1. Could you give the nm distance between label points at K56 and E146, where each point is 7 Å from its Cα heading toward the beta carbon?
2. Okay, helix-only estimate at 222 nm for the chain: each DSSP H run of n ≥ 4 adds -39500 (n - 2.57), divide by all residues, round to 500 deg cm²/dmol; what do you get?
3. At a Förster distance of 22 Å, what's the computed FRET efficiency of W49 paired with K112, Cβ-Cβ distance as r, to 0.05?
4. Holding the Cα-Cα limit at 19 Å, pick out from K56/K92; K37/K125; K56/K112; K82/K125; K38/K142; K112/K142 the pairs that are longer than that.
5. How high is the relative contact order of segment 1-105? Use alpha-carbon pairs under 8 Å, at least six apart in sequence, and give a whole percent.
6. Order V64, V80, V121 by their accessible area, 1.4 angstrom probe, all chains in place, largest first.
7. With θ set to phi - 60° and the Karplus curve 6.51 cos²θ - 1.76 cosθ + 1.60, what are the ³J(HN,Hα) couplings of segment 70-75 in order, to the nearest whole Hz, using x for Gly and Pro?
8. Stretch Y96-A129 to full length: gain in nm at 0.36 nm per residue minus the Cα-Cα span?
Amino acid sequence: MAKREYHHGCSTYNYVTFIRTTPEQLWAALTTAEFMKKFWLGAHFETEWRAGAAWKLLFEDGSVADTGEILECDPPNRLVLKWRNEFMPELKAEGYSQCVMEIEAVNDMATKLTVTHSIAVENSKLINAVSGGWPRILSNLKSLIETGEVVLPPKK
């Protein structure tokens, strides 16, 4: 389930999925560079995974896609990132957004992942862009965890 919302002065994208895994396994998948490269279309985070740490998302070729700061890091429950696009000038110009990832056990077989990406910009181009990216990335994550394979490999 995904939805994009535009409220006065703010834009938000919200995505919810249920994955056959544990919160601990999902957290590890989201924060391990080698695993991340498999589902994040070749990209991965470089950071220390602690509140206050800087982070950057690197493309396969090593160039910087996005940067920011970890605002909250509560494994395996919640991760809050201050986030700025670095490779598209019109998105970078909008400044910093916030991405919240919430992980919640549903039962002994399923874990709920909620990703909420928002920015204090009305009709944000960044939120429009991430609303296309998050479904691809999170579908790959779910598929990789559950089957061992992604559904959308990186474009070559």
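The values are calculated or read from the model by the stated rules, or taken from the named source; none is laboratory data. Remember, it's a predicted structure, so these values are computed and weren't measured experimentally. As a convention, Cβ positions derive from the backbone with ideal geometry for all residues, glycine included, and neighbour counts pool all protein chains shown. Note: accessible area is taken over every heavy atom of the protein model, side chains too, but ligands, DNA and RNA are not part of it. Shrake-Rupley method; radii C 1.70, N 1.55, O 1.52, S 1.80 Å.
1. In this crude spin-label approximation the distance works out to 3.5 nm.
2. Using -39500 (n - 2.57) per qualifying helix, the result is -8500 deg cm²/dmol.
3. 0.55
4. K37/K125; K56/K112
5. Values: 180 pairs, mean separation 17.7, N = 105.
17 percent.
6. Correct descending sequence by accessible area is V64, V121, V80.
7. 7, 8, 9, 9, 10, x
8. Here the answer is 10.5 nm.
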